[in-house]
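The values are calculated or read from the model by the stated rules, or taken from the named source; none is laboratory data. This structure is a prediction, so every number in the text was calculated from the model and none was measured. Note that we place each Cβ from the backbone using ideal geometry, even for glycine, and neighbour counts take in every protein chain shown.
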Amino acid sequence: MDLLGEEIEMATLQDVSNPAPDRQVQEEEVRAALKETLLELSNEERLLIRLRFEDQQPVREVARVLGWSSEFTARRRLKAVLKKLRGGLETRGIRGPVS
């Protein structure tokens, strides 16, 4: 019974700790496609992605670590790498945001 005294039908409850099988399959496909696409990048491009997104470094710090003269250079290269990643994912059938 819920707080209002009505019965809760167990079938209507979702177990958020255990995603639906089709969602798990989709997530695995996206992970595999991303891994393959990342392997196509140069070492410098992978480092750029790692510093900015995995290590959450500010663009200015990314530019400094990679020895680039300006934050603008880092932003321009990041934009190009993200475009390359998007294209690689689309080639593998992954389009748009993954929900």
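When both residues are 6+ apart or on different chains and their Cβ atoms are under 8 Å apart, which pairs have a first residue that lies in segment 58-76 and is without any contact (Cβ under 8 Å) to a residue 60 or more places away in the chain, and a second that is among the acidic types (Asp, Glu)?
Val59/Glu71; Arg60/Glu71; Ala63/Glu71; Leu66/Glu44
Restricting to segment 14-37, what's the tally of residues that are under 19 Å from the mean Cα position of the chain (by Cα) and assigned to a helix (DSSP H, G or I)?
Residues flagged as under 19 Å from the mean Cα position of the chain (by Cα) and assigned to a helix (DSSP H, G or I) within segment 14-37 amount to 16.
Which of the residues spanning segment 38-47 are within 25 Å of Glu28 (Cβ to Cβ) and over 14 Å from the mean Cα position of the chain (by Cα)?
Matches in segment 38-47: Leu39, Glu40, Leu41, Glu45.
Give me the residue from segment 79-96 that is part of a loop (DSSP other than H, G, I, E, B) and under 14 Å from the mean Cα position of the chain (by Cα) and, out of that set, farthest from Thr37 (Cα to Cα).
Result: Gly96.
Being out of contact with any strand residue (DSSP E or B) (no Cβ under 7 Å at 6 or more places or on another chain), modelled with pLDDT of 90 or more and of a type outside the set (D, E, K, R) narrows it down to one residue among Leu13, Leu39; which is it?
That would be Leu39, the only listed residue that is out of contact with any strand residue (DSSP E or B) (no Cβ under 7 Å at 6 or more places or on another chain), modelled with pLDDT of 90 or more and of a type outside the set (D, E, K, R).
Being closer than 19 Å to Leu39 by Cα and charged (D, E, K, R) is the filter here; which residues of segment 66-78 pass it?
Arg77
For the subset of segment 48-78 comprising residues that are outside any loop (DSSP other than H, G, I, E, B) and under 15 Å from the mean Cα position of the chain (by Cα), which member is surrounded by the most Cβ atoms within 10 Å (Cβ to Cβ)?
At the first step, the residues of segment 48-78 found to be outside any loop (DSSP other than H, G, I, E, B) are 48-54, 59-65, 71-78.
Now drop any that are not under 15 Å from the mean Cα position of the chain (by Cα), which leaves 48-54, 78.
Details: Leu48: 24, Ile49: 18, Arg50: 13, Leu51: 20, Arg52: 19, Phe53: 11, Glu54: 8, Leu78: 19.
Ranking the qualifying residues of segment 48-78, first place goes to Leu48.
Is it fair to say Ala80 is of a type in the set (Gly, Ala, Ser), at pLDDT 95 or above and touching a Leu at 6+ places or on another chain (Cβ under 9 Å)? Explain how you work it out, then say what you get.
Values: of a type in the set (Gly, Ala, Ser): yes; at pLDDT 95 or above: yes; touching a Leu at 6+ places or on another chain (Cβ under 9 Å): no.
So Ala80 fails the test.
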